[in-house]
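Following: one structure in structure tokens, then a few remarks.
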Amino acid sequence: MSLLLEALSVALLLGSAFFFIAGTVALIRFPDTLCRLHALTKADNVGLGLLVLGLMPRTGDAAAAGLLLVIWILVLITSGPLSALLAGAALRSGEGNHRP
Amino acid sequence: MIPGLVLDALLAAILVALAGYLLRVPDLFRAGIAFIVFGLLVAAAWLRLEAPDLALAEAAIGAGITGALYLNTLAGMGEHPEETGPASPGAGFLSGILALGLGGTMALIAGNLVLSGAGASAPLGGTGKLTNPVTAVLLDVRAYDTLLETAVLVEALIGIWVLGRTPGGSQEVIPPPLRWLVGMLAPLMILVAGTLLWQGTAGTGGAFQSAAILAAAGILARLAGVRVPLLDRQRAQAGLASLGTGVFLAIGLGVMAAGGAFLEYPARWQGPLVLTIEALAAVSIAVVLVLLFEATGPKGLSSEERA
């Protein structure tokens, strides 16, 4: 694997680590479920995307790289409705009323 | 090698800490969530030990389906139930003995292996078409054990049914995102399950993993209020649940008629026979898991839904 590709892969993986850490910090520090959901769906999905993009050059096999992409797309597709369901449950149980 | 060792040590420490936490936290809901996380981390541990089949099975059954069963049972008990009362001293004593026994045995075996410097034993795969060593062991070398495992699942289902079946029936309004999600995911999951079943003979996969994905699809469908017409009547349920074990047993006895021992496949027929057993066992196990999920859920609104 060429040096440029290796450097690109490492940069993408580091970016992914940053987004995952940011999402975890948000999970710990935000006041209620709705804020945490919002932060997590954005940060974790971007983090996963960067992770997948960073790993794709390392597989050395087009089928495996394509499979990684499919995994990311599946997570994107399912995380939307899942967050909506979690938010609905949180609203029903009375959270999400933190108005500044 | 050093970063790998550090990561492994971290993973092991987190597993032990998480196990301690989920046993002691009084809120059962949190314990359930911790249990699911624990299952996922154990799957990561299996991956570190280079056992992808076990990691798949652990993530799908241990974390996914068992977690769903647990949370479903809690839902039938009310919101965030608390454990009432400490465990009796007798139970604690017995658990301690069991833990010491199991842990001590494992430490002895592992220590023995490490100290005697045993390298890799003879590879198990490679008999005929079954090149995946896990599938070769499960369905060829130790087929009898797998037959009994499928029977144990059916017995578990019968046991829970004996304790009283809930009428089932859908809950309140099904939220549209859930319906969309199930419509999107269920066909995909069935496809993935079929793929895992087919490539289980030579690659990662097999009957249990495929059954876990199928069961997850079935559970999602039930949560979204989708009726599975195949499972409406009790006779159909019982029949499908015991189909896998029955066929396994029949094939085992059948090869005896062809002049072999019990479950000793003739070389020419090994591929098709194993595939048949795996496919039907996967369907049966999936049906058993979905029925277990339904039987342990919150009591339905009415019994009108039941045929």
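Results, tabulated for the structure shown:
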read-out	value
Selection count where residues are in a helix (DSSP H, G or I) and either modelled with pLDDT of 80 or more or over 29 Å from the mean Cα position of the chain (by Cα) (or both), scope segment B:242-270	18
The lone exception for A:P31 - which of (1) loosely packed, with under 13 Cβ neighbours inside 10 Å; (2) more than 11 Å from every other protein chain (Cβ to nearest Cβ); (3) within 28 Å of B:A186 (Cα to Cα); (4) not hydrophobic (A, V, I, L, M, F, W, C) it fails	(3)
Test result for B:V154, open to solvent by less than 70 Å² (accessible area, probe 1.4 Å), within 14 Å of another protein chain (Cβ to nearest Cβ) and at pLDDT 80 or above	no
Scan of segment B:251-272 for residues that are open to solvent by 30 Å² or more (accessible area, probe 1.4 Å) and under 18 Å from B:L197 (Cβ atoms), ordered by number	B:P272
Any hit, segment B:137-148, residues being closer than 30 Å to B:W46 by Cα and either within 14 Å of chain A (Cβ to nearest Cβ) or modelled with pLDDT of 85 or more (or both)	yes
A:T41 being within 13 Å of the chain's Cα centre (by Cα) and among the polar types (S, T, N, Q)	yes
Residue match in segment A:70-81 (condition: assigned to a loop (DSSP other than H, G, I, E, B), within 14 Å of chain B (Cβ to nearest Cβ), of a type in the set (G, A, S) and within 24 Å of B:P177 (Cβ to Cβ))	no
Only one of A:A89, A:A43, A:A22 that is over 17 Å from A:S9 (Cα atoms), assigned to a helix (DSSP H, G or I) and within 14 Å of chain B (Cβ to nearest Cβ)	A:A89
Helices (runs of 4 or more DSSP H) enclosed by segment B:18-80 - at least 3 residues per element that are among the β-branched types (V, I, T) and closer than 23 Å to B:L292 by Cβ	B:28-48
Scan of segment B:200-211 for residues that are under 21 Å from B:I65 (Cβ atoms), open to solvent by 30 Å² or more (accessible area, probe 1.4 Å) and either in a loop (DSSP other than H, G, I, E, B) or at the interface with chain A (Cβ under 10 Å from one of its Cβ atoms) (or both), ordered by number	B:T204
Residue within segment B:242-263 that is in contact with an Asp or Glu (Cβ under 7 Å, 6 or more places away or on another chain) and within 24 Å of B:G206 (Cβ to Cβ) present	yes
For B:A236: the one exception among (1) surrounded by fewer than 16 Cβ atoms within 10 Å (Cβ to Cβ); (2) within 14 Å of chain A (Cβ to nearest Cβ)	(2)
Conditions (1) over 28 Å from B:M189 (Cα atoms); (2) surrounded by 10 or more Cβ atoms within 10 Å (Cβ to Cβ); (3) modelled with pLDDT of 85 or more; number of the one not met by B:E83	(3)
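The values are calculated or read from the model by the stated rules, or taken from the named source; none is laboratory data. Since the structure is predicted, the reported quantities are computational estimates derived from the model, not experimental observations. FYI the Cβ positions are ideal-geometry reconstructions off the backbone, even for glycines, and counts take in every protein chain you see. Just the protein is used for accessible areas: all its heavy atoms, side chains included, with ligands, DNA and RNA removed. Shrake-Rupley method; radii C 1.70, N 1.55, O 1.52, S 1.80 Å.
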